[in-house]
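Worksheet for the structure shown next.
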Amino acid sequence: MLITGVSGLLGNNLAYCLRDKFEILGLYLEHPVAISGIRTLRADLLSENSFEDIIHEFAPDILIHCASLTNVDFCETNRDITDKVNVIGTKNMVESLRHAETKLVYISTDSVYDGIKGNFAETDAVKPQNYYGVSKYKGELEVLKRNGSLIIRTNIFGWNIQEKFSIAEWIMNELSNDRSIKGFKDAFFSSIYTFDLAKILLAAVERNLSGVFNCGSRTSTSKYEFALQIAGHFKLNKDLIQPISIADFDFKAKRGKNLSLDVNHMRRELNVDFPTIKESVQSFFSDYEQGIPQKIKHLKPDI
Ligand SMILES: NC(=O)c1ccc[n+]([C@@H]2O[C@H](COP(=O)([O-])OP(=O)(O)OC[C@H]3O[C@@H](n4cnc5c(N)ncnc54)[C@H](OP(=O)(O)O)[C@@H]3O)[C@@H](O)[C@H]2O)c1
């Protein structure tokens, strides 16, 4: 299995979860990572040749393409580089597979939907509200040129190996340091814990699923309620969470208000358990108690 973006949140957590199931090669760009049991290599998505060589030499059965620019506000004001990495980079990746029999899995986002009605199904219109969403959708179109590919539209939380935070880590960090946070009471999502997503992805590749699928928790919640759930598990001060409307927050890039996903198509296809968002937060907490974040964060190489 080849994983791009192995130094990122999802790539890293997937490599950690799946390393006993596959021989994994993980690719990073600026942040070298070491994960016991997997090989890692530096490769730039924008350099076509390096991917051709890697694919020729490693001959992956499965490629999980997680590498991407993901900062929504950065993407809004840096559209050229966003296009280069998220669209041209994905195109390069698809083209470098032309002589390979590799199964391509592309990680897309709930931000391809407009966030108005919520509970989006794959058959609903795509109408991204920001340039990040546009670029991810353009990436999907590149991936669809390769028959048999799998596209996953998701939203995630988990454990970063880098010095940055997923939404759940950010809530924990702010509340632990006695800082108050704002929680959107009218912004909804179906975020899923990366370790839960890893189990679903494993089932999907084992069954050679192809096409476009929403994949997240099977229920949704507001970001305010999500913060309360994290605070509850970690016994942090809930009074520090201030409920506000997303309309009262000044983002550079527009956000969809209700990006909740209908994940029933994928549930039916795979017949595996999809967690509720409460169960996903519970698993995140249980893994914390088991010392998983320390294990992940201590896997950095001394380079
Ligand atoms: N995080 C979320 O809530 C969320 C929600 C919905 C969808 N997604 C999707 O899930 C996927 C993974 O997201 P994430 O949060 O794990 O991302 P992330 O933590 O921001 O990591 C991005 C990864 O992409 C790599 N990368 C960036 N530019 C590259 C380039 N030119 N060549 C090669 N690698 C490059 C980075 O490498 P270096 O760090 O080594 O430079 C890093 O490993 C993305 O496709 C994203 O769109 C994420």
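So what's region 2-297 giving for Cα Rg divided by 2.2 N^0.38 Å, two decimals?
Rounded to two decimals, the normalised Rg is 0.96.
Can you figure out the FRET efficiency of LYS238 with LYS145, using R₀ = 30 Å and their beta-carbon distance, to the nearest 0.05?
0.05
Would you tally the net charge around ARG267, using a Cβ to Cβ cut-off of less than 9 Å, leaving ARG267 out, and scoring K and R as +1, D and E as -1?
0
Please state the relative contact order of region 67-166 as a whole percent: Cα pairs under 8 Å, 6+ residues apart?
35 percent
If the chain between ALA59 and GLU101 were fully stretched, how many nm would it gain, using 0.36 nm times the residue separation less the Cα-Cα distance?
Full-extension gain reported as 14.3 nm.
Put +1 on the Cβ of each Lys and Arg and -1 on the Cβ of each Asp and Glu in the chain; which of GLY158, PHE74, GLN129 then has its Cα farthest toward the positive end of the dipole?
So the residue furthest toward the plus end is GLN129.
Under 27 Å Cα-Cα from LYS185, which lysines qualify once same-chain neighbours fewer than 8 residues away are excluded?
By straight Cα distance, LYS185 reaches LYS117, LYS127, LYS136, LYS164, LYS223, LYS235, LYS238, LYS252, LYS254, LYS257, LYS278.
Taking the mean number of other Cβ atoms within 10 Å as a proxy for protection, how do you rank 272-283, 43-54 from highest to lowest?
The packing order, highest mean first, is 272-283, 43-54.
Once you have all Cα-Cα distances for region 58-133, histogram them in 10 Å bins from zero and send the whole-percent values.
Per 10 Å bin, starting at zero, the Cα-Cα P(r) for region 58-133 comes out as 17, 40, 32, 11, 0 percent.
Return a whole-number percent for the relative contact order of the chain, with Cα pairs under 8 Å and 6 or more residues apart as the contact set.
Relative contact order for the chain comes out at 21 percent.
Among ASP20, ASP262, rank each residue by its count of other Cβ atoms within 10 Å, from fewest to most, as a rough exposure measure.
Ordered by Cβ neighbours within 10 Å, fewest first: ASP20, ASP262.
Between beta-carbons, use under 12 Å as the cut-off and find the net charge around ASP83, counting Lys and Arg +1, Asp and Glu -1.
+3
What is the sum of charges around ASP196, taking Lys and Arg as +1, Asp and Glu as -1, for the other residues whose C-beta is under 14 Å from the C-beta of ASP196?
Local net charge: +1.
Tell me the Kirkwood hydrodynamic radius of region 157-289 in angstroms, computed as one over the mean inverse distance between distinct C-alpha pairs.
By the Kirkwood definition, the hydrodynamic radius is 15.8 Å.
Calculate, for THR77 and ASN271, the FRET efficiency according to 1/(1 + (r/R0)^6) with r their C-beta to C-beta distance and R0 41 Å; round to the nearest 0.05.
0.40
Cβ neighbours within 10 Å, averaged per peptide: list 2-13, 176-187, 100-111 in order, most packed at the top.
Those peptides, ordered most packed to least, come out 2-13, 100-111, 176-187.
Can I get the semi-axes of region 11-80's equivalent ellipsoid? Compute them from the C-alpha gyration tensor as square roots of 5 times the eigenvalues, in angstrom, largest first.
Listed largest to smallest, the semi-axes of region 11-80 are 24, 16, 10 Å.
Angle check, please: helix 131-143 long axis (alpha carbons) against the longest principal axis of the chain (alpha carbons), in degrees 0 to 90, nearest 10.
Here the helix axis deviates by roughly 30 degrees.
Sort out for me the Cα centre separation of region 10-54 from region 124-156, rounded to whole Å.
22 Å
Report the label-to-label distance for ASN264 and ALA125 in nanometres (one decimal), using points 7 Å from each Cα along the Cα→Cβ vector.
2.3 nm
Which value results when the Cα radius of gyration for region 1-139 is divided by 2.2 N^0.38 Å?
Cα-based Rg divided by the globular estimate yields 1.07.
For the chain, take the longest principal axis of its alpha carbons; what is the angle in degrees between that and the long axis of helix 223-233, to the nearest 10 within 0 to 90?
So the helix axis and the longest Cα principal axis differ by about 80 degrees.
Quote the charge dipole size of region 163-248 about the Cα centre in Debye, to the nearest 20; the model charges only the Cβ of Lys and Arg (+1) and of Asp and Glu (-1).
180 debye
Read-outs: derived from the displayed coordinates by stated rules, not from any lab. All values reported here derive from a predicted model rather than from experimental measurement. Every residue, glycine as well, gets a Cβ built from its backbone with ideal geometry; the counts of neighbours run over all protein chains shown.
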